[in-house]
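Structure first, commentary second.
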Amino acid sequence: MASIDLSRFHRTFFEESFEGLDVMEASLLALDPEQVDSETINGIFRAAHSIKGGAGTFGFEAIAGFTHLLETLLDEMRAGKRAITAPDIELLLRAVDALRGLLATARDGGAVDPGTVEPLRAELAQCLAGGGVVPQAAERDEVPASGWRIRFAPKPELFASGNDPLLILRELQQLGDATIVCDVDALPSFGELDPESCHLAWTIELRGEISRAAVADVFAWVEDDCDLSIAALTPTPAQPQSGSKVESIVASAPRAEPRGDSASIRVATAKIDALINLVGELVITQAMLQQLASHLDPVHNEALLQGLSQLDRNTRVLQEAVMSTRMLPVDAVFSRFPRVVHDLAGKLGKQVRLQLVGEGTELDKSVIEKISDPLTHLVRNSLDHGLESPDERAAAGKDGCGTVTLKASHQGGHIVIEVADDGRGLSRGKLLAKASEKGIACNEQMSDAEVWQLIFAPGFSTAAQVTDVSGRGVGMDVVKKNIQALGGSVELASREGAGTRVTIRLPLTLAILDGMSVAVGDDIYILPLSAVVESLQPQPEQIRRVAGEGTVVRVRNEYVPLLPVKDWFRVPGASRPPHESILVLVEADGHKLALQVDELVGQQQVVIKSLEANYKRVAGISGATILGDGRVALILDIAEIVRLATRALAA
Amino acid sequence: MGERVLAVDDSASMRQMVAFTLREAGFDVAEAEDGVAALALARNEAFRIVLCDVNMPNLDGIGLVKALRQMPDYRFTPLLMLTTESSPEKKQEGKAAGATGWLVKPFNPEQLITTMRRVLG
């Protein structure tokens, strides 16, 4: 048989191993040392066991070796040979982290250096030794003799184990020159013969330079189902060795819990993306047909029009169904927080209860991947700045254990994620003081909501001192920017003494955009609705030309730079004066800009096509879409336009 | 050979490896991800050989072997356990449940085929 390249199984191995580690981590966190649930510890063991087995099989010895220690420790725990203490759980959690690192290195093709986990390995080994485990003595292998005399007397019930003496004898023959004598003494008369029992015994003289281990291996599966003696074929008297009796252990009762994920299959995301893209094309084609058919005489073309309207319905249902395949429960990101909170609470000396609500809420995989960092930041903030120490809480008459809630829900075409804590809340006075200290525009007359918004201003941080928990140089401004880049928005509500709640609103998918279509000359452009503040038709007196700063428009008491989209993209055709145009006020990164367009066409959902993949990157354009009439419309990248325009106007 | 065999393992990579190796060697392989799924398949057809992992959710290898041995079609069928060296007591437990033999993980494809020859002759 041609040798098989095991690397073809690596991808599956890594995927399942990382999943296994997630299970181990979640279960370890759920493990209560006071009251150990045997199914939980079994699940943890099983995950470690699978990783070890796979790592050994697929050639990652260093990983297998490390996991082996972990597995042995877990095995003793589940067998009740070892008490499970809180430090044990911490050690196991660190081992899970280390293993994740080793696996990631191996996955990315790096050489796994067992030295990196050496200190932890030593700790595990020490922990194991502390449990008083007796190391197993290595089996001794006898020096090969000139041959062996083997007495093989199967018990009557041998067949019931699925073993066949004939195959065993044949295997012996392959080892060397065998003389086999059958002993029929125990054979009953034909009338009493039970064909399902074994009544025969054999004596075999096996000649050749064969190790005892090789012979014993042939009988490995049956040594308890027979009387067996293997003696050296030398002048020295034979020493019979009989198979030892082993007491049977009753297997644990089968568990009846069904596994939730058994009805799913793994599909490469690229395949799903291709499917979504094709359906997008189908939707466009369908829209074009619909538009063409609108010119047809309804009486003469009744059947065709009926068919088209059915196509319209089916296309929409198909699009929704395909989109839903990219949807994952938000649990995929929520599930990491028990660990984050556990570790942080320990580090900060705070007591925290984490509440997860609506983990089953689904959203697009690509969105899930991108909200992980902002959410982590918010949760860290809640623990670090939001929640008080147990003493402070007690002094305020609160439960010493604080609560952080992560909640996901659907609202319309959006997903709303809340990060809430019942901590000290924001202090209006402190925020205002901090803002003026940092040179951020503010005043005492601002509403609470406006004051809370200060937190999102670049360079703002409320911590009196930067801790290694929250102060990583990433502020709330970055969180807001990241969420906005996903087409979402962030809001904050707080009450002093009662807690803070940050609400993130995100589109369900990045493949579709809620857009506002505007006309400029003969072209249509799409503005992401999330960036649009308002639109207005300005009076001539609202427009000012400022020397060196271009044109600005006064909206209420604010001057906003004005950017004629026609000039910006050099759209052919005569320019209209601003007061005969429409101004769409957009906002990004805290800067406002008034885009001058000819007309508002309407609001619609558009399927985003990558310009980069099909053409090249264009500054100020985030993508393109195909309109119902087959025309291509460009989607504006508001954040970039605002940045470029502010720079251009300032220059 | 073309023999119809059943490979049971909750680890997808191990299952793939076993199934792939056996198919390369000419076996006709059915796969199951745990003991419950394996029993469901075994009720519908008599496999020539069953290879199963020991540690599995829902119904583990020991439970599977016990259940199979109770079925008339499987009284003498070779039932092989894929086990790890760390649990010698599992081998005995498996034998007591009615397993024919075992293959110790980690094993390579060649060792798997050798083991198959042991039960097929």
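Looking at the structure I just gave you, is A:Ile455 in a helix (DSSP H, G or I), in contact with a strand residue (DSSP E or B) (Cβ under 7 Å, 6 or more places away or on another chain) and surrounded by 18 or more Cβ atoms within 10 Å (Cβ to Cβ)?
yes
Return a yes/no flag: does region A:192-213 have any residue that is modelled with pLDDT of 80 or more, assigned to a helix (DSSP H, G or I) and of a type in the set (A, V, I, L, M).
Yes, because at least one residue in region A:192-213 is modelled with pLDDT of 80 or more, assigned to a helix (DSSP H, G or I) and of a type in the set (A, V, I, L, M).
Just name the residue that is surrounded by the most Cβ atoms within 10 Å (Cβ to Cβ) out of those in region B:89-108 that are assigned to a helix (DSSP H, G or I) and not basic (Lys, Arg).
Here the answer is B:Gly94.
Is there a residue in region B:109-119 that is surrounded by fewer than 18 Cβ atoms within 10 Å (Cβ to Cβ), more than 7 Å from chain A (Cβ to nearest Cβ) and in a strand (DSSP E or B)?
Scanning region B:109-119, I find no residue that is surrounded by fewer than 18 Cβ atoms within 10 Å (Cβ to Cβ), more than 7 Å from chain A (Cβ to nearest Cβ) and in a strand (DSSP E or B), so the answer is no.
I want to confirm something. Restricting to region A:12-27 and keeping residues that are farther than 19 Å from B:Asn108 by Cβ and free of Cβ contacts under 8 Å to residues at least 60 places away in the same chain, which single residue is nearest to the other protein chains (Cβ to nearest Cβ)?
A:Glu16
Scan region A:425-441 and give yes if some residue there is within 30 Å of A:Ile512 (Cβ to Cβ) and modelled with pLDDT of 80 or more, otherwise no.
No, region A:425-441 has no match at all.
Let's see how each residue does on (1) exposed (fewer than 15 other Cβ atoms within 10 Å of the Cβ); (2) among the acidic types (Asp, Glu); (3) under 30 Å from A:Ala274 (Cβ atoms):
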position: A:Pro572; (1), (2), (3): yes, no, no
position: A:Ser575; (1), (2), (3): yes, no, no
position: A:Leu593; (1), (2), (3): no, no, no
position: A:Gln604; (1), (2), (3): no, no, yes
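Exactly one of (1) touching a residue at least 40 places away in the same chain (Cβ under 8 Å); (2) in contact with an Asp or Glu (Cβ under 8 Å, 6 or more places away or on another chain) is unmet by A:Arg576. Its number?
Here A:Arg576 meets the rest and fails (1).
Within region B:35-45, how many residues turn out to be within 13 Å of chain A (Cβ to nearest Cβ) and surrounded by fewer than 24 Cβ atoms within 10 Å (Cβ to Cβ)?
Here the count works out to 4.
I'm checking my understanding of the structure. Among residues of region B:71-88 that are farther than 15 Å from A:Ser161 by Cβ and facing another protein chain (nearest Cβ under 7 Å), which one is surrounded by the most Cβ atoms within 10 Å (Cβ to Cβ)?
Going through the qualifying residues, I end up with B:Thr84.
Among the residues of region A:388-414, count how many are out of contact with any helix residue (DSSP H, G or I) (no Cβ under 8 Å at 6 or more places or on another chain), closer than 22 Å to A:Gly346 by Cα and buried (at least 16 other Cβ atoms within 10 Å of the Cβ).
The number of residues fulfilling the criteria is 6.
Tell me whether region A:28-35 contains one or more residues that are within 14 Å of chain B (Cβ to nearest Cβ) and either in contact (Cβ under 8 Å) with a residue 24 or more places away in the chain or out of contact with any strand residue (DSSP E or B) (no Cβ under 6 Å at 6 or more places or on another chain) (or both).
no
For the subset of region A:57-89 comprising residues that are under 28 Å from A:Asp5 (Cβ atoms) and among the hydroxyl-bearing types (Ser, Thr, Tyr), which member is farthest from the chain's Cα centre (by Cα)?
A:Thr57
Among (1) within 9 Å of chain A (Cβ to nearest Cβ); (2) free of Cβ contacts under 8 Å to residues at least 60 places away in the same chain; (3) within 20 Å of A:Ser161 (Cβ to Cβ), where does B:Ile49 come up short?
(2)
Would you pick out the residues in region B:14-39 that are closer than 14 Å to B:Met56 by Cβ, aliphatic (A, V, I, L, M) and without any contact (Cβ under 8 Å) to a residue 60 or more places away in the chain?
B:Ala32, B:Val36, B:Ala37, B:Ala38, B:Leu39
Counting only residues that are in contact with a helix residue (DSSP H, G or I) (Cβ under 6 Å, 6 or more places away or on another chain) and more than 10 Å from chain B (Cβ to nearest Cβ), which one in region A:36-47 is surrounded by the fewest Cβ atoms within 10 Å (Cβ to Cβ)?
Selected residue: A:Thr40.
Name the single residue that is surrounded by the most Cβ atoms within 10 Å (Cβ to Cβ) among those in region A:624-647 being within 19 Å of A:Ala588 (Cβ to Cβ) and free of Cβ contacts under 8 Å to residues at least 60 places away in the same chain.
So, considering only residues that are within 19 Å of A:Ala588 (Cβ to Cβ) and free of Cβ contacts under 8 Å to residues at least 60 places away in the same chain, the one surrounded by the most Cβ atoms within 10 Å (Cβ to Cβ) is A:Val642.
The values are calculated or read from the model by the stated rules, or taken from the named source; none is laboratory data. A quick note: this is a predicted structure, and the numbers were derived from the prediction, not measured. Note that we place each Cβ from the backbone using ideal geometry, even for glycine, and neighbour counts take in every protein chain shown.
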